[in-house]
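**Q** Below you'll find the structure I mean.
The values are calculated or read from the model by the stated rules, or taken from the named source; none is laboratory data. Just so it is clear, the structure is predicted and the values come from calculations on it, not from any experiment. All Cβ positions, even for glycine, are placed from backbone atoms using ideal geometry, and neighbour counts span all protein chains on display.
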Amino acid sequence: MPIVSHVVGARPNFMKAAPVIDGLAAIGIGQRLIHTGQHYSDALSEVFFRELDLPAPDVNLGVGSGSHAAQTAAIMIALEADLVSHRPDMLVVYGDVNSTVAGALVAAKLRIPVGHVEAGLRSFDRSMPEEINRIVTDALADVLFATSPEAVDHLIREGVDPGRVFFVGNPMIDSLLRHRDRFDADAARRRHGLTGPYAVITLHRPSNVDSPENARRLVAEILRLAELVELVIPLHPRGRAVLADAGLIERDRVRVIDPLGYVDFMSLVSGATLVATDSGGIQEETTILGIPCLTLRRNTERPITISHGTNQLVEPDRLVAAAQMILASQREPLPAPRLWDGRAGQRIASIVADIVTGPLGPDLAAERPEAAGR
Ligand code: UD1
């Protein structure tokens, strides 16, 4: 009986893994869920297991926080022991966090086939740790699942065999569509005491929250934005102190709150006039919800959210000007990017199942009509 192991560790992994795990369970493939413990707070981890109906992890490696090298190395050491004793037929890794690259490195050296969900995204900005994680993970993966056509193009340009690349759609959007009926914007508005139009802001990237100077400029602009719309700011623990020192504290029209669970957060976003963020996933979720998104970064690895969606990149000092444009304009409904249809998890599961049950292993991928370039 083949076994597929999954590595998850940080908040954005959970909503991508849930639909794949569901899809494999429906086919009857044995699975092992490995939580690295990169995120360990209830608000960044357990709440997602409860709300996304994820099975409890079979093991939690409990690595916790640390420098990039220390965290990645701790995951590798603990994961190697798990993979040696359980020897899965494939390891599936998700997104671009340190748990992702650690999983790919360990499995590749143990000659366990690696599947990478959300392969091929590129910001072309190596100052982002996630970009390094993406490049290394894709270089090692045997099967690469892409969420958008430009991700396929990046992989092919980097010399990946097209037979190993599958354009499957977006499993994070599967989770959103599956749970959408539970998003309650009115309840979120009441819970946070919001009376008028409001914006949701999230910030956690090193480029915005690590330098006091950058944080100060950004917070000044955010406080000006509060004159236009009320603000709700669920703050990731990273950078909280620097942002508070820069003046981002609870005040009139500005609610600074702890990170929210999946349903509470998506409920809040559903009723927002606009979102300003440096997150990757929120750029995609707002694309489907039709909520204008101002991405507080110089680049994005998710350009499809700009060309087919509601997203735009803004320099921090242009935040208020960009918000004013949004407030003055009409919202046009946009068609969803291709294959962001709620069935990506099923597609990934069916390809993974064919590989682990088939006689050809990962090479079977080359025989499938969905492979890139057909
Ligand atoms: C990680 C990912 C990032 C992702 C983000 C989503 C990497 C390189 N980065 O960043 O891509 O967008 O998750 O949340 O993998 N902390 C807690 N509780 C926790 C976990 C962390 O308080 O459960 C605090 C600790 O002070 C820790 C800091 O947050 O040092 C950073 O955590 P870490 O896992 O290193 O990276 P994130 O910033 O969360």
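**Q** Please count how many residues of region 89-111 are under 22 Å from Pro171 (Cα atoms) and over 21 Å from the mean Cα position of the chain (by Cα).
**A** The total comes to 2.
**Q** Hey, among Pro2, Pro19, which residue is in contact with an Asp or Glu (Cβ under 6 Å, 6 or more places away or on another chain) and surrounded by fewer than 20 Cβ atoms within 10 Å (Cβ to Cβ)?
**A** Answer to the selection: Pro2.
**Q** Return the only residue of Val254, Val242, Val275 being among the β-branched types (Val, Ile, Thr), at pLDDT 95 or above, more than 25 Å from Glu51 (Cβ to Cβ) and within 16 Å of the ligand (Cβ to nearest atom).
**A** After ruling out the rest, the residue left standing is Val242.
**Q** On the basis of being crowded, with 18+ Cβ neighbours inside 10 Å, touching a residue at least 12 places away in the same chain (Cβ under 8 Å) and assigned by TED's automatic domain parsing to the domain that holds Asp138, does His86 make the cut?
**A** So His86 fails the test.
**Q** Checking the conditions here, which among Ala43, Ala69, Ala73, Ala78 is farther than 23 Å from Asn170 by Cβ, in contact with an Asp or Glu (Cβ under 7 Å, 6 or more places away or on another chain) and within 16 Å of the ligand (Cβ to nearest atom)?
**A** Of Ala43, Ala69, Ala73, Ala78, the one residue that is farther than 23 Å from Asn170 by Cβ, in contact with an Asp or Glu (Cβ under 7 Å, 6 or more places away or on another chain) and within 16 Å of the ligand (Cβ to nearest atom) is Ala43.
**Q** Next up: Check whether at least one residue in region 10-26 is within 11 Å of the ligand (Cβ to nearest atom), of a type in the set (Gly, Ala, Ser) and within 23 Å of Phe145 (Cα to Cα), and report yes or no.
**A** There is at least one residue in region 10-26 that is within 11 Å of the ligand (Cβ to nearest atom), of a type in the set (Gly, Ala, Ser) and within 23 Å of Phe145 (Cα to Cα).
**Q** Now, a different point. Take residues that are within 16 Å of the ligand (Cβ to nearest atom) and buried (at least 21 other Cβ atoms within 10 Å of the Cβ) and tell me which of the strands (runs of 3 or more DSSP E) falling wholly in region 130-233 contain 2 or more.
**A** So the answer is 198-202.
**Q** Let me ask something else about it. Against the conditions (1) part of a loop (DSSP other than H, G, I, E, B); (2) within 12 Å of the ligand (Cβ to nearest atom); (3) farther than 20 Å from Ala18 by Cα, where does Arg111 fall short? Just the number, please.
**A** Looking at each condition in turn, Arg111 falls short on (2).
**Q** While we're here: Please tell me if Ala56 is more than 16 Å from the ligand (Cβ to nearest atom), more than 19 Å from the chain's Cα centre (by Cα) and either part of a loop (DSSP other than H, G, I, E, B) or among the acidic types (Asp, Glu) (or both).
**A** Yes, satisfied.
**Q** Would you point out the residue of region 257-272, among those that are aliphatic (A, V, I, L, M) and farther than 23 Å from Asp53 by Cα, that is farthest from the ligand (Cβ to nearest atom)?
**A** If we take residues in region 257-272 being aliphatic (A, V, I, L, M) and farther than 23 Å from Asp53 by Cα, then Ala272 is farthest from the ligand (Cβ to nearest atom).
**Q** Could I ask something else about it? Can you confirm whether region 243-255 contains a residue that is of a type outside the set (A, V, I, L, M), crowded, with 19+ Cβ neighbours inside 10 Å and assigned to a loop (DSSP other than H, G, I, E, B)?
**A** No, region 243-255 contains no residue that is of a type outside the set (A, V, I, L, M), crowded, with 19+ Cβ neighbours inside 10 Å and assigned to a loop (DSSP other than H, G, I, E, B).
**Q** Just checking, which of Ala70, Ala107, Ala102 is surrounded by fewer than 24 Cβ atoms within 10 Å (Cβ to Cβ), assigned by TED's automatic domain parsing to the domain that holds Ile348 and not acidic (Asp, Glu)?
**A** Ala70
**Q** For region 81-103: of the residues being assigned to a helix (DSSP H, G or I) and away from the ligand (no atom under 15 Å from the Cβ), which is nearest to Arg122 (Cα to Cα)?
**A** Looking at the filtered set, the residue picked out is Leu83.
**Q** Is at least one residue of region 65-77 under 21 Å from the mean Cα position of the chain (by Cα), within 23 Å of Ser350 (Cα to Cα) and of a type outside the set (Gly, Ala, Ser)?
**A** No.
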